[in-house]
Structures are given as structure tokens and as C-alpha cells.
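The values are calculated or read from the model by the stated rules, or taken from the named source; none is laboratory data. In this text, all values refer to a predicted model and were calculated from it rather than measured experimentally. Here the Cβ positions follow ideal geometry from the backbone for every residue, glycine too, while neighbour counts run over all protein chains shown. To get the accessible areas, we keep the full protein, side chains included, count just its heavy atoms, and leave off ligands, DNA and RNA. Shrake-Rupley method; radii C 1.70, N 1.55, O 1.52, S 1.80 Å.
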Amino acid sequence: MFKVLGISSGRVMGNAEVEMRECLMEMEKLGEVDVRITRLRTLKITECDGSILDCVKDAAQGGEGLSPIHDDFDWLKEQILWADAIVFSDPSFCYIPTSEVITLMNRALGAGKEYREACRKNPKLVGLICVGGSDTVDFNLPMQFKAFEKLVPGMKLVDQFYCDWIRGKGYIADQPYHTERARLMAKRMINALNGYDVPAIKTRILKLNPLEYKDDDFVDLEPCPVCHQSVVEMVNIVFMEGTFKCAVCGATGHIEHHNGKLTYVWDDDSVAHNRLHKDHDGFLAGAFAKAHAPVEAPKAEVKEFPFITPGNELPLDKPRILGVYAGPHGGTSEILARKALETATADGKYEGALINILDINIHFCVGCLICKVNSRYRGMEDECVLKDEDLWMVERCLESSGIIWSFDAINGFTYNRVISFLQRFGHGIYGRGSKATPLYATPKPNAQIISSFDDDVVPVEFALGHLQAFYTSNGPIVDRVMNRFVPLEGDGILANPQALGMAAAAGAKVKNAVDLLQANPAWYPLIQKVNGMCPACGLDLIEIHPDMTVSCALCDAHGKFAHRFGQNVIEWDEWTLKHCRRTPYGGMLHFKHIDYSQSEDRDVLDDHNVHKDLLAPYVEYGKLVTPPKKK
């Protein structure tokens, strides 16, 4: 008998969990399986802070690399080792997995050498399900895969699929197309468990047709041969156009032109030795040790700036440029934020202040949708029902004139507290509750600084792209700095003149852009924005398709590969650039389609549920397991 574990994130008995249960119920019909189900929402798993780096430090010194935190994460690891196969379902919040999933991704850094070796010794068969309320799921499955691979090293992906344009709670149970897709996954999982060859994964997304909001088109995705994900980092360098790297596993490739046709060609060596390979476990420890090795070079001095917290606020005497960072106090992200502020405030025209987002109490989004239901359907205030320090953080961002974002890249992404802040944006789309200050009022120029002790930094760029949209009033990104193989804790970065110089340049660009907007807001088009692969939003993460077309993973601008003057370049469609999700028209069109597809979300606040009868079989299915209660 095969042992199967189902893990769900998001709302209890929400659409994601229903879809997972449909798959597990079908697996029981097709074969002899022992099923267990657990919910991340009900597990007590402690969030990570800067101390998570101690686990990597221990591994770099030859230790186990085990986190000193003991909670339900230890129990979850036991369940994973028990299982032969795992079905994981997760809703899409703001284009990415929930903060609960990112917490697992962070904590996996301290899972321990023994656990990772046990996972690789008996590889788990995995099926991934993503449920979203729109078509903004381009980067969700790649991040879901990335997070789960960090949690279950050596896993074998059997199947994955999107369920997008899903309405209110329980709606998916009444959608034969989606339930049938879950049953297909069950068939593939059973065949894989029995040792049969399973056909290659083909993933599709039901995309919004920008010409008519009620007409959708299916879009096929071009899979990476290693991880089967379709989002790549395009190299944005002259004479290297057409080369790319998978945003998940790091496999590289290029566009090849032959006999008038363009094709994707993957590099065999990078496919064989990618970030998912077992050798990469040792690479992380080695990279950490090398990045944090003592340096004898002289260290520069960087100006100190005051910290502000909900209990320690400063009067706003001058226009403020805010430094928001996530990382250890006194570490690289703080120092680089201070260096950028030092340049931005050098002439005394602006004041600088720092916030460490890890010090701010921000609960993860629970997906209740009350902010959306109240603001869109009931004409009420959209203030979040969770009363913590998130609204205070939003207000600090809105009152600033410019922002320096400086974040650590941890285990391929960033801290889950950052993602919690990002995914709680719903109560800021139209206003700030009773204060009713529109979020899209005054654009705030901002710069992004990302630092990592390895080279896996690009996914953080995606999260920062959302922070830029939601909390800087869609302000221009004037600079983006990627620091690879640098220390994250301690002041070793002070001996790195290149990193300090790039941070100083980022601060200067923010200051110049703020000057321009202070003089005349109409000069916004004159601001020099970051030169990313996507002309609309500046992102380098591109989703590739089998027909050689592409779309931006963030703003959904469209284009296609073309051979021009000996180079394989992307020709972007001008209409989609002007009407992407980041433009007023594209945003209106997108939300209009969400309102159309999710009109039943208002029922989540009612005592009854129109899908209650349809949900009954899934509720009765049971199989739920929880950690034993501690005495």
C-alpha cells in the first residue's frame, strides 16, 4: 500500500483544499493508498528572522545545519518522510504562493543534513496544484515548485496545473473542468507510484484576452527540461540577447536560429548540474563560508540613520526618503540601505529613516477577502480585519517621498514577513480604511537592492516589483542592484567598495527622481527608469511559450522572439506595453474581469454558502492529521 500525504495552504476547505481532496479521493479509487491530510493554516510554524543564517553557518562549519527552533515544522518533516507521494495545493496571493508556503521555504534552510539526505534517498513523487482568482499565476507554480523542492529535496514532479479565474469559497466543486483535471493528476500519480512512465508535463494558463474581458484564451507554457517551469531570467546585455537562465533551477539556454526557424536550446552541462542537484546542498554551505570569510581590507564608514517603529516614531520635519530593509541588524541589507540614504540625503534637503520589516508585527493574509468584498461590492471601507502593525507600515510608505528597498535573498527568495506585507495590500487598493487616502496618489521613486551569499537572487526581484506597485503608488524603479556572493550578517560588506558604490548610486538616482517630482509632477515621464528586459515594468523574468512568444511574468506585456541583424531579440507588442497590468487601462480591465469572475465572493461573509451541498463529500472525506498536543 502506497502512502500519500496531502498538504493544503490557504483557507480551511477553500478551493485549493477542495481540489487537493478531489485528487486524493480519486487516488483511493484507482489504487491501494493510505491517505493523510494536513493544513498549513492550522500548524504552528515559527517565522524566520535573521537568525536563520546560523543554520547555514553551522553547516558551513561541518555541523548538521539544524534549526534550533522546534515546533510543528519537525512534525511536518516526519509526515513528509513517511509518505511515498505528496499532493500539495496552494492559492495564489498576489501572483505568488501564500506567506505560509514562504515560511516553509525559509525554514527549510534549517531542515538539517540528515533530513535532506533521507529525502534524496527515497525521492517523493509530487503533484502541485495552484488555485487563483485571476490569470496572474505566471510565477506562482515556479515559486511553489521552488519552495517545495527546498522542503523536499530530490523530489520528482509528476504533475502540476493551474486553476485560475476561481470565484468564491467552494466554487471549484461546481466546475467539472477543474475537478476532472484533479482526477487526471490522480491517475498520473498512481501510474508513477506503480512504476509506469508518465507523459511529460504540459502546463496551460487560461489567460485574459485584453480585447474582450469575457473572452479568455488558453496559453501553453514551454517547460524547462529540469524543473518543468516556464519563467526564465533573460540576459539583458548587448550581444548576449537570446540567452536565458531558468529562474528556479538555474539551467541555462539560448535561442537558436536555423533555416529560418527559432528554437529553444538548453545547455546540457547546466541541465545536468543545476540548483536541484544534490551537490548544490554542499555548494550553499561553501558559498556561505566563502562570503563570510574574514577580510583584511580596510572598511569604509557609513552614516547612521534613526530607526522608526510603531512605538518610536519621528516627526516628519522634511520630505523623507525611507530605507526599508529585511535582514539581520547591522548586516549587509541595513548597511547598504544606510549607504543609499547617505547619498540621497547628503544636501540636507531630505531626511532619512530606517525600518527593518522583520521588527514589524505583520500577520500573514488569511484570504478572507473581506477587504475586497467591502470595497468593491458593498461600498464600505476596505480596512483589513487583522489588527496589527501592517497599516502603520503602509502609512509610513505612503507619507515618504522615495523608498530604498534592501532585502536579503534567503534560500532562493526572501523573508516571509516581506511576503506577508506584500499580500496584505488588499486594504490599500482604494484607500486606507477610514483615512481614505488613495494609494495611487503620488508616485514615489524607489530603488531595489538585493543581496545573497549565493547567486539565487532573481526571484526576489519579482516580489520587489509588487512592493513597488502597491506601496510606492506605482512609482518608477530608478535602479536595481544585485549583490551576489556577499556576506549577509556582520559588517564585512563595508570592505566591498563595489557594493557600497552601487548602493550610493542607487540613492543618488532616487534623490534626483524625487527632486524632479517635487519640482513638477508632470515631469514624471522624464525620470530614467531601470533598464529591464520588459520595457513596461523593468522586470527580467519572462515566461516563454512553445510558439516562441513571451509574456512578462509581472505585468503580462506580450512579445515574440525574432532574428534581427544576427541577434535573437524580443520584439514587444506595443499595444500590450501600453495596456499591461501596470497601466490604468490594464489595471481597470484586470479588476473588471476579476469582478466578473468572482462576483460570488460576497457570499463568503454570509451565514450560508451556495456550494455547501457540493462541499459535503469533501468535508466528510476526513483523513485529517494534526500534531500531537504537547503536555
Three-way shape call for the stretch 315-369 based on the alpha-carbon gyration tensor, with the a/c threshold at 1.5: oblate
Listed residues 244, 340, 89: farthest to the positive end of the dipole of the chain (Cβ charges): 89
Karplus-derived HN-Hα couplings along the stretch 16-26 (A = 6.51, B = -1.76, C = 1.60, θ = phi - 60°), whole Hz, x at Gly and Pro: 5, 5, 4, 5, 5, 5, 4, 5, 5, 5, 5
Beta bridges per DSSP with both ends in the chain, % antiparallel, nearest 5: 40
Estimated vicinal HN-Hα couplings, Hz - the stretch 143-155 in sequence order (Karplus 6.51, -1.76, 1.60; Gly, Pro = x): 6, 5, 4, 4, 5, 6, 5, 5, 6, 10, x, x, 5
Overall Cα dimensions of the stretch 44-199, principal axis frame, Å, largest first: 52, 37, 24
As computed over the stretch 61-108, the Cα convex hull volume per residue (Å³): 118
DSSP beta bridges in the stretch 249-361 [antiparallel fraction, %, rounded to 5]: 50
Shape category assigned to the stretch 51-133 from the gyration tensor of Cα positions, a/c cut at 1.5: oblate
Rg(Cα)/(2.2 N^0.38 Å) for the chain, N = residue count: 0.93
Helix 584-597 axis, angle to the chain major axis (alpha carbon atoms, nearest 10°): 20
Portion, in percent, of the accessible area of the chain that falls on carbon or sulfur, probe 1.4 Å: 53
Solvent-accessible heavy-atom area per residue, rounded to whole Å², over the stretch 10-115 at 1.4 Å: 32
Long-range amide H partners of residue 247 with built H, under 5 Å: 231, 232, 233
Long-range HN-HN contacts of residue 160 with modeled amide H, under 5 Å: 128
The stretch 1-125: C-alpha gyration tensor shape, a/c 1.5 cut-off, then a/b vs b/c: oblate
For residue 307, residues with placed amide H under 5 Å, excluding near neighbours: 354
Per-residue HN-Hα couplings for the stretch 412-420 [Karplus 6.51, -1.76, 1.60; θ = phi - 60°; Hz; x = Gly/Pro]: x, 8, 10, 5, 5, 5, 5, 5, 4
Among beta bridges that DSSP assigns inside the stretch 52-188, antiparallel share in %, nearest 5: 10
Kirkwood Rh (inverse of mean 1/r, distinct Cα pairs), the stretch 128-276, angstrom: 17.3
Between the stretch 490-562 and the stretch 241-314, the alpha-carbon center distance in angstrom: 18
For the stretch 270-341, convex hull of alpha carbons as volume per residue, Å³: 177
Within straight-line cross-link reach of residue 278, lysines at Cα separation under 25 Å, skipping those fewer than 8 residues along the same chain: 3, 57, 77, 113, 121, 124, 146, 150, 156, 245, 290
Accessible area (Å², 1.4 Å probe, nearest 10) - residue 572: 40
